[in-house]
Amino acid sequence: MCQTERQRIQVKELSAQIINYYHARGKRAVFQLGAECKFIIISQAPGKKVDTTGIPWDDMSGRTLKSWLGVTDAQFYNPHLFSIMPIDFCYPGKGLHGDLPPDKSCADIWHPKILAQMKANPVRLLIGKYAIDYYLGASQKSSLAETIRNYKSYLPLYFPLIHPSPRNKKWLADHPWFLNETIPYLRSRVAANV
C-alpha cells in the first residue's frame, strides 16, 4: 500500500472518530477532510444553518467565501482541493450578540491529528479572528486589519482573512484594499491549484 493510499484510509478513519466523538455528545460535526488537499479552510465554527444542513459553509458567508476564492460549489466541496477544519467542529450555540465562541479544546484535540495525515503542507486559510488568534498567536501585527494586510509575511503556510460574514460589511468598507488587493492575490493562488 502506497503512502498516499494509507493517508486516505487514515483520514477516513479519523473522520469517523470525529463524527462519533460529537455524536456521543449529542452534536453534529461539520467538516470536510482530504489527505491530498491544496488548501485547508480554518474558521471559527459552523453556524446554526450549517448545523441544520450538515454542509460546510452552506450559508451567506459561504457564498461570499466561494466568490472570494473564485471557485464553484463542485470545486469547493472537492476534498482533493479543500479541507474544511473549523476551530470547533459543531455549532456552539447562541449567545447574547450572535453565536457563542468556538471551543478551542476541539482544535487542540483534532487539528494535530488531522494535519499529521496531510500529504503535503496545504495553505491554511485562516478565516476570522478565532482562527487567526489560534494559529498566529504572538506573530500577529498590531491589529486584525494589519495582520490581514500583511498576509504575505505568513505565506506560504498561512493566509489570514477576515470572516466573510455579512456583519463585516463595515470592515470591508473601511479597508478597501482587502477586496482590491488581497482577494485578487488569493484568487490567483487558488486558480493555480484547481
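Does at least one position in the range 128-136 carry a residue that is among the aliphatic types (A, V, I, L, M) and touching a Pro at 6+ places or on another chain (Cβ under 6 Å)? Break it down stepwise before answering.
First pass over the range 128-136, keeping only residues among the aliphatic types (A, V, I, L, M): 131-132, 136.
Those left that are additionally touching a Pro at 6+ places or on another chain (Cβ under 6 Å): 132.
The answer is yes; a qualifying residue exists.
Restricting attention to the range 164-186, report how many residues are more than 20 Å from the chain's Cα centre (by Cα) and either assigned to a helix (DSSP H, G or I) or closer than 20 Å to Met60 by Cα (or both).
Keep residues of the range 164-186 that are more than 20 Å from the chain's Cα centre (by Cα), which gives 170, 173-177, 180-181.
Those still in the list that are either assigned to a helix (DSSP H, G or I) or closer than 20 Å to Met60 by Cα (or both) too: 170, 173-174, 177, 180-181.
Adding up the residues that qualify gives 6.
Quick one: which residue in Trp57, Trp68 is within 29 Å of Arg25 (Cα to Cα) and not hydroxyl-bearing (Ser, Thr, Tyr)?
Details: Trp68 fails: within 29 Å of Arg25 (Cα to Cα).
Exactly one of Trp57, Trp68 is within 29 Å of Arg25 (Cα to Cα) and not hydroxyl-bearing (Ser, Thr, Tyr), namely Trp57.
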(request) Test Thr52 against the stated conditions and say whether it is surrounded by fewer than 15 Cβ atoms within 10 Å (Cβ to Cβ) and closer than 22 Å to Tyr185 by Cα. (result) no
(request) Please name all residue pairs, on different chains or six or more residues apart, with Cβ atoms under 8 Å, provided the first residue is in the range 72-95 and is farther than 21 Å from Gly47 by Cβ and the second residue is modelled with pLDDT under 95 and among the β-branched types (Val, Ile, Thr). (result) Gln75/Val194; Leu81/Val194
(request) List the number of the failed condition for Gly47; all other conditions in (1) small (Gly, Ala, Ser); (2) at negative phi; (3) open to solvent by 20 Å² or more (accessible area, probe 1.4 Å) hold. (result) (3)
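Within the range 5-23, can one find any residue that is modelled with pLDDT of 90 or more, at positive phi and among the hydrophobic types (A, V, I, L, M, F, W, C)?
Kept after step one, since they are modelled with pLDDT of 90 or more, are these residues of the range 5-23: 13-23.
Cutting the leftovers down to at positive phi gives us none.
Scanning the range 5-23 turns up no residue that is modelled with pLDDT of 90 or more, at positive phi and among the hydrophobic types (A, V, I, L, M, F, W, C).
Does the range 40-53 hold any residues that are in contact (Cβ under 8 Å) with a residue 24 or more places away in the chain, out of contact with any Pro (no Cβ under 9 Å at 6 or more places or on another chain) and either assigned to a loop (DSSP other than H, G, I, E, B) or of a type outside the set (D, E, K, R) (or both), and which are they?
Initial filter on the range 40-53 (in contact (Cβ under 8 Å) with a residue 24 or more places away in the chain): 40-48, 50-51.
From what is left, the residues that are out of contact with any Pro (no Cβ under 9 Å at 6 or more places or on another chain) are 47-48, 51.
Selection gives Gly47 alone.
For the subset of the range 1-44 comprising residues that are among the basic types (Lys, Arg) and within 16 Å of Ala120 (Cα to Cα), which member is surrounded by the fewest Cβ atoms within 10 Å (Cβ to Cβ)? If you could, list the steps in order and put the result at the bottom.
At the first step, the residues of the range 1-44 found to be among the basic types (Lys, Arg) are 6, 8, 12, 25, 27-28, 38.
Subsequent filtering for residues that are within 16 Å of Ala120 (Cα to Cα) retains 6, 8, 38.
On the way: Arg6: 12, Arg8: 19, Lys38: 18.
Here the residue is Arg6.
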(request) Just give me the residues in the range 136-155 being outside any helix (DSSP H, G or I) and either open to solvent by 30 Å² or more (accessible area, probe 1.4 Å) or β-branched (Val, Ile, Thr) (or both), in sequence order. (result) Gln140, Lys141, Ser142, Ser143, Asn150, Leu155
(request) Being touching a residue at least 60 places away in the same chain (Cβ under 8 Å) and of a type in the set (D, E, K, R) is the filter; apply it to the range 172-194 and report the residue that is farthest from Thr64 (Cα to Cα). (result) Arg189
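The values are calculated or read from the model by the stated rules, or taken from the named source; none is laboratory data. Everything quoted here is computed from the prediction, not taken from an experiment. Ideal geometry is used to build each Cβ from the backbone, glycine not excepted, and the neighbour counts take in all protein chains shown. SASA here: full protein model, heavy atoms, side chains in, ligands and nucleic acids out. Shrake-Rupley method; radii C 1.70, N 1.55, O 1.52, S 1.80 Å.
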